[in-house]
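The values are calculated or read from the model by the stated rules, or taken from the named source; none is laboratory data. Everything numeric here is computed off the predicted structure, so don't read it as measured data. Note that we place each Cβ from the backbone using ideal geometry, even for glycine, and neighbour counts take in every protein chain shown. In case anyone asks, the SASA skips ligands and DNA or RNA and just uses the protein heavy atoms, side chains included. Shrake-Rupley method; radii C 1.70, N 1.55, O 1.52, S 1.80 Å.
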Amino acid sequence: QVQLVESGGGLVQPGGSLRLSCAASISIFSIDAMGWYRQAPGNQREWVATTTSGGTTNYADSVKGRFTISRDNAKNTVYLQMNSLKPEDTAVYYCNAKRGWLYDWGQGTQVTVSS
């Protein structure tokens, strides 16, 4: 099992920025893909962005152009840079690691966008 620890959430005003971090307990070279998901109250968990071991990145349409996923292999950490935040980005953000058919999740970090 991969342990994932998210950090960096908080309260930010609309138009502001936050950077989330996800630290993995193993080398992320051995993880096929790492991603970010989010879940707002009353909603299902939705996919936000993914980075693969091969360097490919993909984004949900709702965040494309505003969010950037990146990885620091030396630190076994994946980041989510969130710019131009909107109130509808408010959610608990979860980090995910996929290895074959195995999926591991972090505990989540709260992001609140409000004036």
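A few remarks follow.
- Here the dipole of the chain is about 120 debye; that uses its Cα centre as origin and unit charges on the Cβ of Lys and Arg (positive) and Asp and Glu (negative).
- Label-zone membership for the stretch 76-115, site GLN39, 7 angstrom Cα→C-beta point, backbone N under 14 Å: 91-96, 104-111
- For ALA91, the shell of other residues with beta-carbons less than 13 Å away shows a net charge of -1, using +1 for Lys and Arg and -1 for Asp and Glu.
- Where the Cα pairs of the chain fall when distances are cut into 5 Å bins, in %: 2, 13, 25, 26, 19, 10, 4, 1, 0
- Charge tally for VAL12 (other residues, Cβ to Cβ under 12 Å; Lys, Arg +1; Asp, Glu -1): +1.
- The alpha-carbon of LYS75 sits under 27 angstrom from the alpha-carbons of these lysines, leaving out residues fewer than 8 places away in its chain: LYS64, LYS98.
- With each label modelled as a point 7 angstrom along the Cα→C-beta vector, the THR52-SER7 pair spans 3.1 nm.
- Accessible-area composition of the chain, carbon plus sulfur, in percent [1.4 Å probe]: 48 percent
- Volume per residue of the convex hull around the Cα atoms, evaluated for the stretch 13-61, comes out as 128 Å³.
- FRET efficiency estimate (nearest 0.05) - Cβ-Cβ, ASP61 to ILE26, R0 30 angstrom: 0.45
- Electrostatic bookkeeping for CYS22 treats Lys and Arg as +1 and Asp and Glu as -1; over the other residues with beta carbon under 10 Å from its beta carbon, the sum is 0.
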